[in-house]
Amino acid sequence: MPARPHIVRQALDFLVPPTCISCGVPVAGDEALCGGCWAATPFLAPPWCARLGRPFAFDLGEGALCPEAIANPPVYDRVRAACAYAAKGRDLVHSLKYADRPALARALGRWMARAGAEFFTDRPLVVPVPLHRGRLWRRRFNQSALLASAVARHTQADLCLDALERLRRTDRQVGLSRKDRARNVRGAFRISEQGAVEVRGRRVVLVDDVITTGSTATACTHVLKRAGAVSVDVLAFALAEADEPIGS
């Protein structure tokens, strides 16, 4: 008689106990944070700006916008992120991208799906921000594609991993001003043949690991909307302040 799945799971947990995905101490379940790391991860929750997803100190009412969204409305429709790019939130992003831990995307994608739940009411198309092939060759995986796959799995949304292509390798955004960031990614993306078919007439959820000034999301949104996307929402694991130095 075949072993029951829960018995196999219990046996594996006994032999190889699950550990915190951040610090490695034993925890009760797989793909989880320990209490200390959970407390040190700055998860985001409403109230937040309806467009940019930046948290408010108190509830300003449904549809409230932050000053940045009013002064400089983005070309994409909405932004949501699971946590702020700080403390353990920053550590998890760095572990995924630079410490060769692609399995982290499963947990991060689950939290992203929860943060962006309002995006998935009518089965949108999930599209990751692409990496240039040179960087992809060195890193061996596109972290945004891994996150997009996890998000699509948790929300049962449609997924097109190669809807966008990166035409050229851009400079790292670290230390660049808002204007230089925008110039750095201008013209860097195009729609693929498959993307042209999949995107037209669809609501798109664009997935990235971190959003800062929104320059990359803006460049991708222009391409997606020219290809016929009816809307583009942006979902990231972490949301950084506009002047926060990041590793992408």
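The values are calculated or read from the model by the stated rules, or taken from the named source; none is laboratory data. Model, not experiment: these values are computed from the prediction. For neighbour counting, all protein chains shown are included, and Cβ atoms are generated from backbone atoms with ideal geometry for every residue, glycine included. Accessible surface areas use protein heavy atoms only, side chains included; no ligands, DNA or RNA. Shrake-Rupley method; radii C 1.70, N 1.55, O 1.52, S 1.80 Å.
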Inset, instruction - Show the residue pairs that are 6+ apart or on different chains and have beta-carbon atoms under 9 Å apart, the first residue being within the stretch 147-169 and more than 18 Å from Lys97 (Cα to Cα), the second being part of a loop (DSSP other than H, G, I, E, B) and open to solvent by 50 Å² or more (accessible area, probe 1.4 Å). - result: Thr155/Arg123; Gln156/Arg123; Ala157/Arg123; Asp158/Arg123; Asp158/Arg202; Leu167/Gly187; Arg168/Gly187
Inset, instruction - Would you point out the residue of the stretch 120-144, among those that are free of Cβ contacts under 8 Å to residues at least 40 places away in the same chain and not basic (Lys, Arg), that is surrounded by the most Cβ atoms within 10 Å (Cβ to Cβ)? - result: Asn142
Inset, instruction - Starting from residues that are under 28 Å from Phe119 (Cα atoms) and in contact with a helix residue (DSSP H, G or I) (Cβ under 6 Å, 6 or more places away or on another chain), keep the ones in the stretch 165-185 and report whichever is modelled with the highest pLDDT. - result: Val185
Legend entry - Boolean, Pro124 is in contact with a strand residue (DSSP E or B) (Cβ under 7 Å, 6 or more places away or on another chain) and closer than 15 Å to Leu235 by Cα: yes
Inset, instruction - Would you mind stating whether Cys83 is of a type in the set (A, V, I, L, M, F, W, C), on the phi < 0 side of the Ramachandran plot and without any contact (Cβ under 8 Å) to a residue 40 or more places away in the chain? - result: no
Inset, instruction - Answer yes or no: is there a residue in the stretch 78-86 that is open to solvent by 10 Å² or more (accessible area, probe 1.4 Å) and in a helix (DSSP H, G or I). - result: no
